[in-house]
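Asker: Got a structure here, written out as structure tokens. Questions coming.
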Amino acid sequence: MTEAKRQAAEKAIEYVEDGMIVGVGTGSTVAYFIDALGRMRDRIQGAVSSSEQSTQRLKALGIDVLDLNSTGPLSLYVDGADECDPHKRLIKGGGAALTREKIIAEASAKFVCIVDPAKQVDVLGRFPLPVEVIPMARSLVAREILALTQAQPVWRQDAEGRGVVTDNGNAILDVHGLSITDPVALETTLNQIPGVVAVGLFARRSADVVIVGGETARVL
Ligand code: 5RP
């Protein structure tokens, strides 16, 4: 899958135009995109980054990282996904960066999603749905999600068994056992629970273009 990720990322470079400020997502697929962006750094103004991880990689390659408050709306956002359905609706947040990713997707005119073929599904939900929550609301939100969906929210832990802390200082619940037949409705419902910061469903603002890496990259 590594080669497929690289291929999708290289294809996404075709959407980058001279002088652009590029919205940049997070993850192993995006890492290939950042590397490709580094090769054309003198032709772009800079990037808006969705995570500390991507910021470090961008800066290491000499790409200016800009504040979204100063840039205003962006023309282009490039990011990966954990799952993608035939309507270009996504599950994201496997890298815990979903909130900033959602903000940049909303601010961008075009969202190009880069995936390997394993990410394509007919119905979203096999990948546990990440939900970023305010720490004090973790148990409350978990109980409400269980009552609403009968699916199982699990507090995400790191390799040392400590609760994962996002770049925004929050916790992540991964919701296991969903079969999401109406992603817009579920996204809207979960967004209403007090303490939810962001839901890793990108259905209300789905991708505009999906590039699937493979023997030849396919653009959907
Ligand atoms: C991070 C994300 C990533 O885009 C998603 O997890 C895919 O990652 P990868 O490209 O490493 O498979 O949403 O929050």
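The values are calculated or read from the model by the stated rules, or taken from the named source; none is laboratory data. No experiment lies behind these values; they were computed from the predicted model shown. Counting neighbours? That spans all protein chains shown, and the Cβs are built from the backbone with ideal geometry, glycine included. To get the accessible areas, we keep the full protein, side chains included, count just its heavy atoms, and leave off ligands, DNA and RNA. Shrake-Rupley method; radii C 1.70, N 1.55, O 1.52, S 1.80 Å.
Asker: When the label point is put 7 Å from the Cα of Lys110 along its Cα-to-beta-carbon vector, which residues of the range 197-219 have a backbone N closer than 13 Å?
Answerer: 208-211
Asker: Still on this structure, I have one more. Once neighbouring chains are kept in place and the probe is 1.4 Å, which whole percent of the accessible area of the chain is contributed by carbon and sulfur? Working shown, then result.
Answerer: Working: 4960 of 10090 Å².
C and S atoms contribute 49 percent here.
Asker: If eta is 1.306 mPa s and T is 10 °C, what Stokes-Einstein diffusion coefficient results for the chain, Kirkwood Rh from Cα pairs, in µm²/s?
Answerer: Values: Rh = 17.5 Å.
It comes out at roughly 91 µm²/s.
Asker: Normalise the Cα radius of gyration of the range 65-175 by 2.2 N^0.38 Å (N = residues in it) and let me know the number.
Answerer: Numbers: Rg = 15.3 Å, N = 111, 2.2 N^0.38 = 13.2 Å.
The reported ratio for this selection is 1.16.
Asker: Using only the C-alpha atoms of the range 129-200, find the volume of their convex hull and express it per residue in Å³. Don't jump to the answer; show the numbers that get you there.
Answerer: Working: hull volume 6.1 nm³, N = 72.
Dividing the Cα hull volume of the range 129-200 by its residue count gives 84 Å³.
Asker: What does the accessible area of Thr188 come to, in Å² to the nearest 10, when a probe of 1.4 Å is used?
Answerer: We get 50 Å² for Thr188.
Asker: Also, I was wondering about something else. With every protein chain present, what is the per residue accessible area of the range 63-198 (1.4 Å probe, Å²)?
Answerer: Numbers: 6210 Å² over 136 residues.
Accessible area per residue: 46 Å².
Asker: Something else now. Put a dot 7 Å past each Cα toward the Cβ at Gln56 and Asp18; how far apart are the dots in nm?
Answerer: The answer from the label model is 3.5 nm.
Asker: Determine how large the accessible area of Met40 is when every protein chain is in place; take a 1.4 Å probe and give Å² rounded to the nearest 10.
Answerer: 20 Å²
Asker: How much of His87 can a 1.4 Å solvent probe reach, expressed as accessible area in Å² and rounded to 10?
Answerer: Result for His87: roughly 120 Å² accessible.
Asker: For the range 1-115, what class follows from the C-alpha gyration tensor (a ≥ b ≥ c being the square roots of its eigenvalues): rounded when a/c is under 1.5, otherwise prolate if a/b is larger than b/c, else oblate? Walk me through the intermediate numbers first.
Answerer: On the way: a/c = 1.45, a/b = 1.21, b/c = 1.20.
Since a/c stays below 1.5, the shape of the range 1-115 is classed as rounded.
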